[in-house]
Amino acid sequence: MPRKPAKKTEDVPAAASSGRAARRAELEAVADDVRARAAACSDLDALRAAVAGCTACSLCETRTQTVFVDGDGSSGVMFVGEAPGYNEDVQGVPFVGRAGQLLTDIITKGMGLAREHVAICNVLKCRPPENRDPTPAEKTTCTPWLDRQIELYDPRVIVPLGRHAACHVLRVDAPMGRLRGQVHELGGRKIVATYHPAYLLRSPGQKKECWKDIQLAMEVLGLEPPRGRSS
Ligand code: SF4
């Protein structure tokens, strides 16, 4: 039998690159499908139901349930974390446990708002196993759900919590120190990034920096600090 010609070395990168392009195209097709399904949801109840049935990425195989949102967003502020953790996956509610309690304190004691009147969600709606970081592909696939949530809630200010969420929402790759401490404008929306409450539990000395960010968000909302909480 004639031997197959050996693969030329210059073919290898070309093949790898066309494989990457094919995977990219496949991923974009899945994300487009999610975007179309999200766009078809005319209200948050419909969107919640659509997210609950989502099987667009492999995280659907390991989740207990999707984690959509907490709060009605009527105060005009939306907090966005990265992804649900163990407790969130079990309860179906974002930001529970110790970090969630700290976020609740920021909202109630710091901002003088009720937790049920803000919107709290994550970039990803399903928990990555072992709380690993979400992959870029998972974020690309799931982002249309968040985008539609933002459209339907129409918040006056978005507060990404932690570097991963801040980079994702602001569409940049930068350290937290360059992202927080200012009001960003993107697509007609105001965004104030701050530290993730889990980080603040590990580094309580940064709470005063977080409070400065929260005050910026409150300025956007036209809120005064609660009595006795001016600095
Ligand atoms: S993480 Fe997002 S895209 Fe993946 S299955 Fe869950 S809802 Fe769907």
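Points worth noting:
- Some residue of the range 141-148 being among the hydroxyl-bearing types (Ser, Thr, Tyr), crowded, with 19+ Cβ neighbours inside 10 Å and within 16 Å of the ligand (Cβ to nearest atom): yes
- Of the helices (runs of 4 or more DSSP H) lying entirely inside the range 164-231, those containing at least 2 residues that are over 16 Å from residue 106 (Cβ atoms) and more than 17 Å from the chain's Cα centre (by Cα) are 176-179.
- Filter pass, residue 85 being crowded, with 18+ Cβ neighbours inside 10 Å and either more than 15 Å from the chain's Cα centre (by Cα) or in contact (Cβ under 8 Å) with a residue 12 or more places away in the chain (or both): yes
- Some residue of the range 92-99 being buried (at least 24 other Cβ atoms within 10 Å of the Cβ), within 16 Å of the ligand (Cβ to nearest atom) and closer than 22 Å to residue 50 by Cα: yes
- Selected residue (only one of 30, 51, 34, 67 is at pLDDT 95 or above, outside any helix (DSSP H, G or I) and either surrounded by 12 or more Cβ atoms within 10 Å (Cβ to Cβ) or within 10 Å of the ligand (Cβ to nearest atom) (or both)): 67
- Residue count for the range 102-151, restricted to those that are free of Cβ contacts under 8 Å to residues at least 40 places away in the same chain, polar (S, T, N, Q) and under 29 Å from residue 212 (Cβ atoms): 2.
Residue by residue, here is whether (1) of a type in the set (D, E, K, R); (2) farther than 23 Å from residue 27 by Cα; (3) in contact with a His (Cβ under 7 Å, 6 or more places away or on another chain) holds:
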residue	(1), (2), (3)
131	no, no, no
139	yes, no, yes
147	yes, no, no
155	no, yes, no
158	no, yes, no
161	no, yes, yes
167	no, no, no
171	yes, no, no
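- Some residue of the range 150-160 being basic (Lys, Arg), out of contact with any Phe, Trp or Tyr (no Cβ under 6 Å at 6 or more places or on another chain) and surrounded by 20 or more Cβ atoms within 10 Å (Cβ to Cβ): no
- Any chance residue 58 is of a type outside the set (Val, Ile, Thr) and away from the ligand (no atom under 16 Å from the Cβ): no
- The range 100-135, subset among the hydroxyl-bearing types (Ser, Thr, Tyr) and more than 14 Å from residue 82 (Cα to Cα), residue surrounded by the fewest Cβ atoms within 10 Å (Cβ to Cβ): 108
- Any hit, the range 71-80, residues being within 16 Å of the ligand (Cβ to nearest atom), at negative phi and crowded, with 18+ Cβ neighbours inside 10 Å: yes
- Just one of the listed residues (134, 94, 155) is in a loop (DSSP other than H, G, I, E, B) and more than 25 Å from residue 75 (Cβ to Cβ), namely 134.
The values are calculated or read from the model by the stated rules, or taken from the named source; none is laboratory data. Keep in mind it's a predicted model, so treat the numbers as computed, not measured. Positions of Cβ are backbone-derived with ideal geometry, glycine not excepted, and every protein chain shown enters the neighbour counts.
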